[in-house]
Amino acid sequence: MRLSEKNLLRLPARVRRPSYDRGKLAAAIVHLGLGAFHRAHQALMTEAVLAAGDPAWGIVGAGMQSSAMRDALQPQDGLYTVTEFGADGERTSVVGAIVEVLGGAEDAEKIRLLARMSEASTRIVSITVTEKGYYLDPATGSLQLEAPAIAADFAHPAVPRTVPGLIVYALRNRRAAGVPPFTVLSCDNLPNNGKLARAAVLAFAREVDGDLAAWIEGEVHFPCTMVDRITPATTDADRARVNSLIGLEDAWPVVTEEFAQWVIEDRFSMGRPDWTLGGAVFSDEIERWESMKLRCLNGSHSTLAYLGQLTGRETVAEAMQLPLITDVLDALWAELRAVLQAPRGVDTAAYVEQLKRRFRNPALKHRTAQIASDGSQKLPPRLLTPLRERIAAGLASPAIATAIAAWMHFVLRTARTGSALNDPMSAEILERAGHGVKASDIVGGLLAIEKIFGRDVPANTAFCAELLDKFIDLAKNPAVATLGEIRF
Ligand code: CS2
């Protein structure tokens, strides 16, 4: 029997459920990128607002490419469960905040989505589409006008599929109809995510209509946010576990950790929910919060993922048991913290200790393969920005070098096994990794990818030497499974 509005009464008493009348909810938020993360984070914090008696903030969730989430949630009236695993066990809640689900695959759904975004009732458009969904060059931050998906959105304005396309055409409709603009709320793991979303939207708008671009520049708010909650992709084992726990079938449950953090810049032009009811914090120090999280959590996550992949560790918790990896992480955190400007009142040593506990959570089967994806997008903000700061301060960065060397071994192994690399720049990366057997050629070839490393990193001879050393160290380490010949 499926989880649904009419079956809510069948849930065991310990499962939380919406206590408010879902029929009275207004749909004021359109969310682009309806994945596990949004459902464990923003939607759950919005649920707290609805439960507190403010029905104004229902969510319309849209997939960006696939319609699988719509197909899972529609028969459930938009309901789904979130199970949080903490030190004292687990807690399951049914979330009612999503009032409508749109698919990402069909043209008709994109047309419906654009119409929804154009309606005056939509006050916030929030986004979780991951780094690559912004189509920004990772090294320079400029919009990839030549990317096929962006070019398609210029050619077919009635059926936009990218974030910049959808937002610009919806804002164009609103402006033409005299409707005030919504607030664009990026909830992706990018430094200054609001500024980057704005840059992508403005660059797209300038190609469409200069006046429109000027209007967006003057009128539309793009607050920055820091988002944090470790939420692995749902597995079949999670489904089985949650379904037996709730006694009903939830086709796409969310499994997450107990910890959640959301820090938001308070700039909303058409109002906003009081997300503090769900634990969010409004702050004017987003940049500091974001760099601390992006470097200390995500930078070490990527390092864990590549070293974990090379040492046969399937999950983050398993990788955290290997001294080879935890030694690198400790050194990495020391390097990152040395150039970090922490938010007021935050003790970064305690923050790092908490991260270790979170990474060791055995209930979360967070696959290193999942985090290892999209390295071309993740390495620059997570590790290369702090590297540049260290270079500027005259500091050596052996741990950052090890992390990048681990990525290089990971892509080299992928190239040599002929497996697929989950990365929007996979073709270029695999092509370069596949050249040569000499360590210096492999490292030099990959470092020359300007879109990832810029020009300055490969020009820094001290860092290049450090990187080559670490690459060779890893190749010689018996715990590391490299593949094929590497000459030193
Ligand atoms: C992870 C993040 O997949 C990844 O790259 O580092 O999704 C991470 O789990 C979240 O940012 C935690 O808030």
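The values are calculated or read from the model by the stated rules, or taken from the named source; none is laboratory data. Owing to the predicted nature of the structure, the values given are computational and were not obtained by experimental measurement. Ideal geometry is used to build each Cβ from the backbone, glycine not excepted, and the neighbour counts take in all protein chains shown. We work out accessible area using only protein heavy atoms, side chains counted, and drop any ligands, DNA or RNA first. Shrake-Rupley method; radii C 1.70, N 1.55, O 1.52, S 1.80 Å.
Restricting attention to the stretch 329-341, and to residues there that are more than 16 Å from the ligand (Cβ to nearest atom) and in contact (Cβ under 8 Å) with a residue 12 or more places away in the chain, which single residue is surrounded by the most Cβ atoms within 10 Å (Cβ to Cβ)?
Glu335
Please pick out the residue among Arg367, Arg382, Arg357, Arg344 that is more than 30 Å from Asn460 (Cα to Cα), basic (Lys, Arg) and either in the same structural domain as Arg239 (by TED's automatic domain parsing) or within 12 Å of the ligand (Cβ to nearest atom) (or both).
The unique qualifying residue is Arg367.
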If you check Gly271 against the conditions, is it within 16 Å of the ligand (Cβ to nearest atom) and either buried (at least 21 other Cβ atoms within 10 Å of the Cβ) or closer than 21 Å to Ile124 by Cα (or both)? no
If we keep just the residues of the stretch 358-381 that are more than 18 Å from Glu131 (Cα to Cα) and charged (D, E, K, R), which is least open to solvent (accessible area, probe 1.4 Å)? Arg358
Restricting to the stretch 385-399, count the residues that are crowded, with 22+ Cβ neighbours inside 10 Å and within 16 Å of the ligand (Cβ to nearest atom). 1
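From the list Ile452, Ile442, Ile400, which residue is free of Cβ contacts under 8 Å to residues at least 60 places away in the same chain, in contact with a helix residue (DSSP H, G or I) (Cβ under 9 Å, 6 or more places away or on another chain) and hydrophobic (A, V, I, L, M, F, W, C)? Please lay out each step first, then the result.
Working: Ile452 fails: free of Cβ contacts under 8 Å to residues at least 60 places away in the same chain; Ile400 fails: free of Cβ contacts under 8 Å to residues at least 60 places away in the same chain.
When all the criteria are applied, what remains is Ile442.
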Which one is nearest to the chain's Cα centre (by Cα) among residues in the stretch 110-137 that are closer than 18 Å to Pro157 by Cβ and open to solvent by less than 10 Å² (accessible area, probe 1.4 Å)? Val125
Return yes when Thr461 is modelled with pLDDT under 95, open to solvent by 50 Å² or more (accessible area, probe 1.4 Å) and among the polar types (S, T, N, Q) and no when it is not. no
Number of positions in the stretch 370-379 that are assigned to a helix (DSSP H, G or I) and near the ligand (Cβ under 10 Å from one of its atoms): 5
Across the stretch 258-270, the tally of residues that are outside any loop (DSSP other than H, G, I, E, B) and either more than 29 Å from Gly89 (Cα to Cα) or aliphatic (A, V, I, L, M) (or both) stands at 2
Only one of (1) closer than 23 Å to Leu297 by Cβ; (2) out of contact with any Gly (no Cβ under 7 Å at 6 or more places or on another chain); (3) surrounded by 18 or more Cβ atoms within 10 Å (Cβ to Cβ) fails for Trp407. Which number is that? (2)
Would you call Val99 more than 16 Å from the ligand (Cβ to nearest atom) and in contact with a helix residue (DSSP H, G or I) (Cβ under 6 Å, 6 or more places away or on another chain)? no
Restricting the stretch 271-316 to residues that are outside any helix (DSSP H, G or I) and among the small types (Gly, Ala, Ser), which is farthest from Asp330 (Cα to Cα)? Gly271
Look at the stretch 419-439 and say how many of its residues are free of Cβ contacts under 8 Å to residues at least 40 places away in the same chain and either crowded, with 18+ Cβ neighbours inside 10 Å or in a helix (DSSP H, G or I) (or both). 8
Any idea which of Val255, Val227 is in contact (Cβ under 8 Å) with a residue 40 or more places away in the chain, outside any helix (DSSP H, G or I), closer than 20 Å to Leu190 by Cα and within 13 Å of the ligand (Cβ to nearest atom)? Val227
Provide a single number: the residues in the stretch 249-268 that are farther than 19 Å from Arg288 by Cα and buried (at least 22 other Cβ atoms within 10 Å of the Cβ). 5
In the set Leu25, Leu9, which member is at pLDDT 95 or above and either in contact with a Pro (Cβ under 7 Å, 6 or more places away or on another chain) or not assigned by TED's automatic domain parsing to the domain that holds Gly104 (or both)? Leu25
I want to confirm something. Restricting to the stretch 469-488 and keeping residues that are over 30 Å from the mean Cα position of the chain (by Cα) and assigned to a helix (DSSP H, G or I), which single residue is surrounded by the fewest Cβ atoms within 10 Å (Cβ to Cβ)? Lys476
Filtered residues of the stretch 156-188 (kept if of a type outside the set (A, V, I, L, M, F, W, C), within 15 Å of Ile264 (Cβ to Cβ) and surrounded by 24 or more Cβ atoms within 10 Å (Cβ to Cβ)): Ser186
Spot the failing condition for Ser291; the list is (1) within 13 Å of the ligand (Cβ to nearest atom); (2) within 30 Å of Leu322 (Cβ to Cβ), and only one is missed. (1)
Hey, among the residues in the stretch 87-113 that are under 25 Å from Leu11 (Cβ atoms) and of a type in the set (D, E, K, R), which one's modelled with the lowest pLDDT? Asp88
Total residues in the stretch 144-177, condition over 23 Å from Ala214 (Cβ atoms) and either in contact (Cβ under 8 Å) with a residue 12 or more places away in the chain or not in a loop (DSSP other than H, G, I, E, B) (or both): 9
